[in-house]
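Student: Have a look at this one before I ask anything.
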Amino acid sequence: MSYTYNWSEEYVNGMYRSLGIFHPHQLDMETIAARLGLSIICLPTEAMRLDKVIVLDSRDSNAKQWQDFGHELCHAIWHYGNQLTMPMPLQVYQENKSNNFAQYACIPTFMLQNLNLPAYERDAVWMIMEKFGVERDFAQKRLEQYIRNMYSR
């Protein structure tokens, strides 16, 4: 069975490879941000992107911060403008795009393909959670997305 990458997957794959990141244990927010010319700060506030700074909520778990980093990374590298002043449809578009991008940034397809995923879904979800440091619902959604993409092409 052949897997065809979508545009976002191709972008993330190329980005990580250009940064010298090839394995799940190399997925480190600080390293990724630094290599992309970004900074990270943690404050007790909701996650956001401010120019070249990604703000993460210091009250969140490491897994939630990693997922928020993936989301805000998309805003930092693909989006321009202030969402407070842009039309609502554009805000919604950017948020949907960033949510989708976070799935690929936190659990890159080329790394997921290298895993020998267990046959049982709950075991596969657990493996993804452990390997990529994400929450259960996030891992579940990514696994479903991966399987759907694999069988729809």
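The values are calculated or read from the model by the stated rules, or taken from the named source; none is laboratory data. Just so it is clear, the structure is predicted and the values come from calculations on it, not from any experiment. Using ideal geometry, Cβ is built from the backbone for each residue, glycine included, and neighbour counts are taken over all protein chains shown.
Student: Could you figure out which of (1) under 19 Å from Gly14 (Cα atoms); (2) polar (S, T, N, Q); (3) buried (at least 16 other Cβ atoms within 10 Å of the Cβ) isn't true of Gln113?
Tutor: (3)
Student: A follow-up question, please. Can Asp123 be described as among the acidic types (Asp, Glu) and loosely packed, with under 14 Cβ neighbours inside 10 Å?
Tutor: Answer is yes for this residue.
Student: Of the residues Ile147, Ile128, which is free of Cβ contacts under 8 Å to residues at least 40 places away in the same chain, within 16 Å of His25 (Cα to Cα) and part of a helix (DSSP H, G or I)?
Tutor: Ile128
Student: When both residues are 6+ apart or on different chains and their Cβ atoms are under 7 Å apart, which pairs have a first residue that lies in region 80-96 and is over 13 Å from Leu50 (Cβ atoms), and a second that is at pLDDT 80 or above and of a type outside the set (Ser, Thr, Tyr)?
Tutor: Gln94/His75
Student: Given the criterion of a type in the set (Lys, Arg) and within 19 Å of His79 (Cα to Cα), identify the matching residue among Arg17, Arg35, Arg59.
Tutor: Arg35
Student: Can you name the condition, by its number, that Ala119 falls short on among (1) among the small types (Gly, Ala, Ser); (2) within 11 Å of the chain's Cα centre (by Cα); (3) not in a helix (DSSP H, G or I)?
Tutor: Single failed check for Ala119: (2).
Table: residues versus (1) loosely packed, with under 12 Cβ neighbours inside 10 Å; (2) under 14 Å from the mean Cα position of the chain (by Cα); (3) closer than 20 Å to Val134 by Cβ; (4) modelled with pLDDT under 95.
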| site | (1), (2), (3), (4) |
| --- | --- |
| Ser2 | yes, no, no, yes |
| Asn6 | no, no, yes, yes |
| Thr31 | no, no, yes, no |
| Asn82 | yes, no, no, yes |
| Ile107 | no, yes, yes, no |
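So that you can scan it fast, the table gives a plain yes or no per residue for (1) exposed (fewer than 15 other Cβ atoms within 10 Å of the Cβ); (2) in a loop (DSSP other than H, G, I, E, B); (3) under 13 Å from the mean Cα position of the chain (by Cα); (4) among the hydroxyl-bearing types (Ser, Thr, Tyr):
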| position | (1), (2), (3), (4) |
| --- | --- |
| Ala76 | no, no, yes, no |
| Thr85 | yes, yes, no, yes |
| Pro89 | yes, no, no, no |
| Asn96 | yes, no, yes, no |
| Asn99 | yes, no, yes, no |
| Lys141 | no, no, yes, no |
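Student: Let me ask something additional. With respect to Ile40, is the statement that it is at pLDDT 95 or above, closer than 16 Å to His71 by Cα, β-branched (Val, Ile, Thr) and more than 15 Å from the chain's Cα centre (by Cα) true?
Tutor: Here the answer is yes, as Ile40 does meet what is asked.
Student: Somewhere in region 11-24, is a residue part of a loop (DSSP other than H, G, I, E, B), surrounded by fewer than 12 Cβ atoms within 10 Å (Cβ to Cβ) and at pLDDT 95 or above?
Tutor: Checked region 11-24: at least one residue is part of a loop (DSSP other than H, G, I, E, B), surrounded by fewer than 12 Cβ atoms within 10 Å (Cβ to Cβ) and at pLDDT 95 or above.
Student: A further question follows. So which residues in region 45-62 are assigned to a loop (DSSP other than H, G, I, E, B) and either farther than 15 Å from Ala102 by Cβ or not aliphatic (A, V, I, L, M) (or both)?
Tutor: Passing the criteria: Thr45, Glu46, Asp51, Lys52, Ser58, Arg59, Asp60, Ser61.
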